[in-house]
1. Over the alpha-carbon set of region 178-219, divide Rg by the Kirkwood Rh and report the Rg/Rh ratio to two decimals.
2. Quick one: among A342, A312, A199, which has the greatest mean-square fluctuation in a GNM of the chain with alpha-carbon springs under 10 angstrom?
3. Can you list which of the GluC sites (Glu not before Pro) found in region 169-269 are DSSP loop residues with at most 13 other C-beta atoms within 10 Å?
4. Note the full-extension length gain between A286 and R90 as 0.36 nm times their separation in residues minus their Cα-Cα distance, in nm to one decimal.
5. Testing the spin-label approximation: label points 7 Å from Cα along Cα→Cβ at K363 and A132. State their distance in nm.
6. What percent antiparallel are the DSSP beta bridges of the chain, to the nearest 5?
7. How about region 290-387: which GluC sites (Glu not before Pro) there lie in a loop by DSSP and see at most 13 other Cβ atoms within 10 Å?
8. Mind checking which lysines have their C-alpha under 26 Å from K205, skipping anything on the same chain fewer than 8 residues away?
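None of the figures in this text is laboratory data; all of them are computed from the coordinates on show. Just so you know, these numbers come straight off a predicted model, no measurement behind them. Note that we place each Cβ from the backbone using ideal geometry, even for glycine, and neighbour counts take in every protein chain shown.
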Amino acid sequence: MTAFRILGGRPLNGEIGIKGAKNAVLPLLAAALLVSGEVLLRDCPRLNDIDHMLEILAAIGCQVRWEGQNIAIDAGNAAEHRMPEELSKRMRSSIFMLGPALARFGKARFSYPGGCEIGLRPIDLHLSSLRAMGAQIIEERGHIYCSGKLIGAKIHLDYPSVGATENIMMAAVGAQGDTVIYNAAREPEIEDLAAFLNACGAEIKGAGQSSIEIRGGTPLKACEYVPLRDRIVAGTLLVGAAMTGGEVFAKGARAKDMQAVLQKLSEMGCTIGMEEGGVRVRGPKALKAVRRVETNPHPSFPTDMQAQIMSALCVARGSSVVVENVFESRFGHAAELCRMGADIQIDGKIAVVRGVKRLYGAKVVSRDLRGGAALTLAGLRAVGETIVTEVELIDRGYERMEEMLRCLGAGIERIETEE
Ligand code: UD1
C-alpha cells in the first residue's frame, strides 16, 4: 500500500507551474471522437484516470499516444460502439463517451458507471437530455444501450450538472439542427470544452453562462489545444501556503476561475496577489475563522475545494461552518482530521469546525481524492510525523503531489507500507 510520510512544520514557499486540469482534459479526450484528423492536447497531467480514458479510446479503434506531456488522438479509424466493460464500470468519466459515441456511430453500449466514495452520482440528467435529442436508451442489468439519430433540442437541466452539460454539448455538435441548454453548468471547464470544440470548427455560444447555444452538424477538423490549467490543484497548493504561513505562486492559475476560494482565503487573513500569469497567496501568522463556506455550482465555492479549506479552518482562530450542498457524503476527511486533533462536528451536510491551536501527526486514511489532499495539507501543518495512506486516491487528481510539495519545501515522501 502506498502512503505519504510527512514531517510537519515547514512552510510552503516558492513558485510552481500548474498543468492542464484533469476535469478539463477528460471531456476533451471524449470530444476527440468527433474530430476528423489528429487532436493534440498540450501539457496534460499524467494521471490514471486519463490513461484509463485513453485505453477506452484505444479499445474502440482510436490511435492514442503520449508525446512527453502532450496527448495525440486520432479517431479516424474508430469503429466500435461498445465501450470496454471493465473500464467503463470502473471509471465514472467514461460517461463522457456517451454523447460523442452516439453522435459518431448512431449507437453506443456502456456499463453503468459504479458508485463512488462521495455519494450516489446518478446519470439521469445525461440520459434524459439525450432522450430529448432523439436517442432511444434502454437500461438493462447494468448496461445502457443507446441508439438513434441525434436531433437538436431545447433542454432545460433541473440541476446545472457539469458532466451532463458537457455530454449534451458534445452530442449537440454532432446532431442535426440547433440545441439550446438552459440552466447549464457555468464551470470554467465548460468554457474550455466550448473553446476546444470551436477551435475545431464548432459553433457554440454562451458557454460559461446559463444558456448555451450549439449549432449542430458542423464538421470538426484537427486542432492543437492547450487545456485549462487545474484550478483545484492550484487551490490546494495555495491553501497549503495559507496553512503553513508560507507564500506560493501558482503559475498559470487564473484568478477569475478561483474567486470564491480566494475570497475565503482573504477573509482568513491571507494576502492575495492576482498577477499576470498566475496567483499568489501569502499565509498570515494566524488564520482567522470564517462565518460560513458553502459549496454550490460555479461561481460559488467548489465542492472540490471543500475538504482542503476545512483542513485550513481546523487551525484558524474561532469557529466556522462548512456546508456541502453538491454531494451527499463528502465529509469523510473530517473524522480523520479529528484523529489529528481537529474539532469538527458533523450534522448531515453541515460541519462546525472549531479552530484548535495545533494539529498532531497521526496515521490517517484518504477516503477520497480531495479528502486525501486535505489530510496531506493537515500533515504539513501538524506537529510531528503524519502518515496518509490510500495515496492511490490522491494520485487520481494530483500528478505526484509529493514532488510538487517537496519543490515548495515540504518534508514529504512516498513510501510503501505493509498494511
Ligand atoms: C464534476 C467534476 C467533479 C466535481 C463536480 C461538481 C469532472 C470529471 N468531475 O463532476 O470533480 O466535483 O463536477 O463540480 O469534471 N447529478 C444528478 N444527475 C445527473 C448528474 C449529476 O443528480 O445526471 C447530481 C450529482 O449527484 C451531484 C450534482 O448533480 O449531486 C453535481 O454533479 P455534476 O455537476 O454532474 O458533477 P460531475 O460532472 O459528476
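1. On the way: Rg = 9.6 Å, Rh = 10.1 Å.
Using Cα coordinates only, the ratio equals 0.95.
2. Evaluated over the chain, the most mobile residue of the options is A199.
3. Working: sites: E189, E191, E203, E213, E224, E247, E267; in loops: none.
When the GluC sites (Glu not before Pro) of region 169-269 are filtered for loop state and at most 13 Cβ neighbours within 10 Å, nothing remains.
4. 66.3 nm
5. Roughly 5.1 nm, to one decimal.
6. Values: 58 of 84 bridges.
Antiparallel bridges make up about 70 percent of those DSSP assigns within the chain.
7. E328
8. Counting by Cα, and skipping residues close in sequence, K205 has these lysines nearby: K22, K149, K154, K221, K256.
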